[in-house]
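Since the structure comes first, as structure tokens, the remarks are kept for the end.
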Amino acid sequence: MVLYFRHIDLEKNRRRHYLLTVQRDLLGHLVVTRRWGRLGASGWQGSQTTPVETPAAAAALVRRVLQRRRQHGYQLVAAPEADSVVERAGRQPQGTADELTVDNLLLF
């Protein structure tokens, strides 16, 4: 699963982006990875990987991050990688970005 957020506020000179992924590592363990940075900067300024035991634990973490990003003014937008992940799962999430639930986005 891939979620991509942006927060742009030109009056405050804020151009931020945030990438959240849930995937399995090389050993088959679930990990939630977060990357963040300034739009236009080369690469990501920060990254954090959190191993989780179960899909339910991953969903709970994703819900917390989603809520926090929205509180800070981020908007959920399409990520280039999200299209291929959704396509491989054989279904498209329905609704607008604000209507999407974590449960219909978790594709692992």
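The values are calculated or read from the model by the stated rules, or taken from the named source; none is laboratory data. Quantities reported herein were computed from a predicted structural model and do not represent experimental measurements. In this analysis, Cβ positions are derived from the backbone assuming ideal geometry, glycine residues included, and neighbour counts consider all displayed protein chains.
Going through the stretch 1-32 one residue at a time, which ones are farther than 15 Å from Ala59 by Cα and of a type in the set (Ser, Thr, Tyr)? Hits for the stretch 1-32 are Tyr4, Tyr18.
Residues of the stretch 1-21 that are outside any strand (DSSP E or B) and modelled with pLDDT under 90: Met1 alone. The number of residues in the stretch 22-60 that are part of a loop (DSSP other than H, G, I, E, B) and in contact with a Leu (Cβ under 9 Å, 6 or more places away or on another chain) comes to 3.
Between Leu61, Leu100, which is modelled with pLDDT of 50 or more, surrounded by 12 or more Cβ atoms within 10 Å (Cβ to Cβ) and at negative phi? Lay out the reasoning, then the answer.
Details: Leu100 fails: modelled with pLDDT of 50 or more.
Selected residue: Leu61, the only one of Leu61, Leu100 that is modelled with pLDDT of 50 or more, surrounded by 12 or more Cβ atoms within 10 Å (Cβ to Cβ) and at negative phi.
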